[in-house]
Amino acid sequence: MIRRLLVTAAALLLAGPASADSLIDNVDGMTLDAGGRVLRFTGLVMTPAGRVVRLLKQGEKRPDRPDWRADMKGRVMVPGFVDAHGHVMELGFRALELDLSDTKSLDEAKAKITAYVAANPERKWILGGGWNQEKWGLGRFPTAADLDAIVADRPVWLARADGHASWANSAAMVAAGVSAKSVSPVGGRIEKIGITPSGVFVDSAQELVGKAVPKPLPKDLAAAFLKAQAILLGFGITATADMGTTLDDWMTFRRAGDVGSLRIRIMSYGAGLDDTIRIGGVGPTPWLYGDKLKLNGVKIYTDGALGSRGAWLKASYADAPGEVGAAFLADDVIRNRMSRAAMDGYQVAVHAIGDKANAQVLDAIEELSVTYEGDRRWRVEHAQIVDPVDLPKFGKHSIIASMQPVHQTGDRKMTEARLGPDRLAGAYAWATMIKNGSVLAFGTDYPVESPDPFAGWAAGFTRSDADGQPYGGWQPQERISREAAWRAYTMDAAYAGFAENQFGRLAPGQLADFIIIDRDPLLASASDLRATKILETWVGGVQVFERK
Ligand SMILES: [Zn+2]
């Protein structure tokens with residue numbers, strides 16, 4: 001049964017505004033209040049426009065004649081999740097293209113690629129991603145030769161799981177004009193065997209091959225968007241930040257809004273200054289399509305990722321002496337860009353993973369805060385490895401630490417290998433961030449990780465993975481409470497996007513964005529919480545997903 005209030009709008013108008021409100025009743029409801037305390041309720045009254053009027057307690061008198069009442073039969077209702085850091089279009093493309101994220105060895109990946117190539121004879125380029133040589137236990141990057149052995153006649157171009165490296169076969173390198181003469185660009189690296197490109201391109205070097213890939217058509221973009229939206233709503237995510245919205249992405253969201261197929265709420269951060277200014281013009285956009293889409297600001301990269309040793313460190317990688325990763329932007333360049341964005345009122349979100357990159361961004365914020373006063377909500381995306389001496393700076397300027405709990409559990413062993421035992425004190429330091437007065441916003445960085453919020457929530461208060469490893473949690477002093485992790489995934493992820501007055505919890509005046517799930521997430525064990533099933537997802541009082 002699809003319950004849609006809008007179809008009955010005419011009838012409701014005839015009945016008068018007072019009786020137009022509707023009631024979602026008989027729920028085992030729980031939300032956080034403005035102070036982050038758990039509040040339980042059994043009914044939710046909302047307007048036809050999908051805003052919460054009030055929450056009803058057990059035994060509290062129900063409105064006399066609600067024109068429309070849904071009986072949830074005692075099931076659990078919680079606010080929809082807000083993913084503070086994801087990549088909407090990449091999620092859609094990953095799902096529609098070749099997906100290697102579940103492969104556990106190079107051989108398994110090769111078998112999957114071979115089958116995909118055979119099943120898609122019309123595709124001129126074989127595109128996809130999700131590979132991770134760490135998961136494969138390969139001990140090296142894959143090579144073009146690995147791919148040539150199975151696909152020689154067509155270009156193959158596959159992104160690493162973290163998006164910070166891509167893997168080409170020889171046909172792709174030929175099509176892009178890459179040869180032994182090609183040099184690594186600033187902020188990137190061509191992996192080589194001797195003088196020959198090996199087939200893996202790290203960070204900005206990906207563009208050397210990427211520029212030769214045929215651009216997706218508007219219909220491909222629309223299909224990828226709808227796919228991503230369906231996946232996210234199915235995971236109970238009712239709002240998301242899109243970290244790196246290109247002009248094409250933005251137009252795709254706009255077209256979905258124009259034809260009424262935009263259901264999820266998107267807080268966009270433009271992919272660099274140029275696209276941000278082309279989208280926003282003079283500054284952030286207003287909320288469009290009934291609070292569904294807004295350009296908040298700009299996403300800037302200052303380093304790469306740990307997996308590909310692109311994260312910028314203060315001292316050498318423990319497993320690659322002499323390498324410190326890549327600095328994407330000089331100190332004055334990053335200040336210039338952040339300043340240019342802040343001048344027009346754009347919110348600034350900077351990707352920083354390594355301790356040196358984090359220090360660079362923190363110093364830039366410290367300096368810019370003098371000029372750009374007021375409620376700026378500077379964001380650091382990932383903030384994975386921070387030198388303990390720099391951690392207090394997050395609190396000092398109320399910087400938002402936009403972090404991904406599943407990265408901690410998924411990358412634990414790799415992080416130990418890359419950093420050695422002595423540099424882990426400021427790694428994924430969630431509890432310290434909160435203690436210092438930073439706002440912690442949780443997300444998944446999908447499609448790098450699955451957008452499943454329950455895995456992240458469970459990791460947030462255990463620092464253990466799905467198998468319960470390590471027992472007692474990794475660097476357990478940085479665990480946070482179950483309520484604090486929930487808060488980071490809902491109201492503070494909304495706050496991180498200037499949306500705390502619209503969504504993130506259920507309260508009078510907030511949008512009626514909620515999910516119906518099959519268990520009590522505050523009582524379930526961590527492993528039970530991970531197994532939570534989304535039964536229904538509602539955005540603005542409209543049901544947008546129902547488990548079949
Ligand atoms: Zn990301």
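Here are a few things to note about the model shown:
- Apportionment of accessible area to carbon and sulfur, segment 440-548, percent (1.4 Å): 49
- Karplus-derived 3J(HN,Hα) values for segment 93-99, using 6.51 cos²θ - 1.76 cosθ + 1.60 with θ = phi - 60°, are 5, 4, 6, 8, 9, 5, 10 Hz; glycine and proline are entered as x.
- Based on protein heavy atoms only, the chain ends up with 39 Å² per residue of surface accessible to a 1.4 Å probe.
- Averaging over all projection directions, the Cα-based convex hull of segment 101-238 occupies 9.6 nm² in the image plane.
- Coordinate range along principal axes, alpha carbons of segment 76-164, Å, largest first: 51, 34, 24
- For segment 498-548, with +1 on Lys and Arg beta carbons and -1 on Asp and Glu, the positive-most of 512, 535, 502 along the dipole: 535
- Once you divide the Cα radius of gyration of the chain by 2.2 N^0.38 Å, the number left is 0.98.
- Hydrodynamic radius (Kirkwood) for segment 220-306, which is based on Cα pairs only, to one decimal in Å: 13.3
- In degrees, nearest ten, helix 355-371 long axis to first principal axis of the chain (Cα): 60
- Take the Cα of residue 261, step 7 Å toward its Cβ, do the same at residue 331, and the gap between the two points is 5.0 nm.
- Extension gain (nm, one decimal) between residue 149 and residue 174, 0.36 nm per residue minus Cα-Cα: 7.4 nm
- The chain, relative contact order in percent, only Cα pairs under 8 angstrom and at least six apart counted: 17
- R0 of 25 Å, Cβ-Cβ distance residue 37-residue 75: FRET efficiency to nearest 0.05: 0.65
- In the chain, helical runs assigned H by DSSP with n ≥ 4 each contribute -39500 (n - 2.57); averaged across all residues and rounded to the nearest 500, the mean residue ellipticity at 222 nm is -9000 deg cm²/dmol.
- Fraction of accessible area attributable to carbon and sulfur, segment 81-237 (%, probe 1.4 Å): 61
- Counting only DSSP beta bridges with both residues in the chain, the antiparallel share comes to about 45 percent.
- Under 15 Å from the residue 215 label point (7 Å along Cα→beta-carbon), backbone N, segment 230-264: 246-252
- Amide N of segment 444-477 lying under 19 Å from the label point, which is placed 7 angstrom from the Cα of residue 527 along Cα→Cβ: 454-474
- Around residue 431: net Lys/Arg minus Asp/Glu count, Cβ-Cβ under 11 Å: +2
- Distance between the pseudo-spin-label points of residue 288 and residue 481 (7 Å out from Cα toward the beta carbon): 4.1 nm.
- Residue-span extension gain [residue 375 to residue 519] - 0.36 nm each, minus C-alpha spacing: 48.1 nm
- From phi via Karplus (6.51, -1.76, 1.60), per-residue ³J(HN,Hα) for segment 505-515 in Hz, x at Gly/Pro: 8, 10, 6, x, x, 7, 6, 7, 9, 8, 10
- Distance from the Cα centroid of segment 437-466 to that of segment 124-165 is 27 Å (rounded to whole angstrom).
- Principal semi-axes in Å for segment 451-503 [√(5λ), Cα gyration tensor, largest first]: 25, 11, 7
- Carbon and sulfur %, accessible surface of segment 238-358 computed with the full protein complex present, 1.4 Å: 51
- Averaging the sequence gap over all C-alpha pairs within less than 8 Å and six or more residues apart, then dividing by the number of residues, gives segment 116-204 a relative contact order of 26 percent.
- Calculated from backbone phi, Karplus (6.51, -1.76, 1.60) coupling profile of segment 423-434 in Hz, x at Gly/Pro: 10, 9, 4, x, 8, 6, 8, 4, 5, 5, 4, 5
- Near residue 133: Cβ cut-off under 14 Å, other residues only, Lys/Arg at +1 and Asp/Glu at -1. The net charge is 0.
The values are calculated or read from the model by the stated rules, or taken from the named source; none is laboratory data. Not measured: the values here are computed from a predicted model. Note that each Cβ is placed from the backbone with ideal geometry, even for glycine, and that neighbours are counted across all protein chains shown. When the accessible area is computed, the model is the full protein with side chains, heavy atoms only, and any ligands, DNA or RNA have been set aside. Shrake-Rupley method; radii C 1.70, N 1.55, O 1.52, S 1.80 Å.
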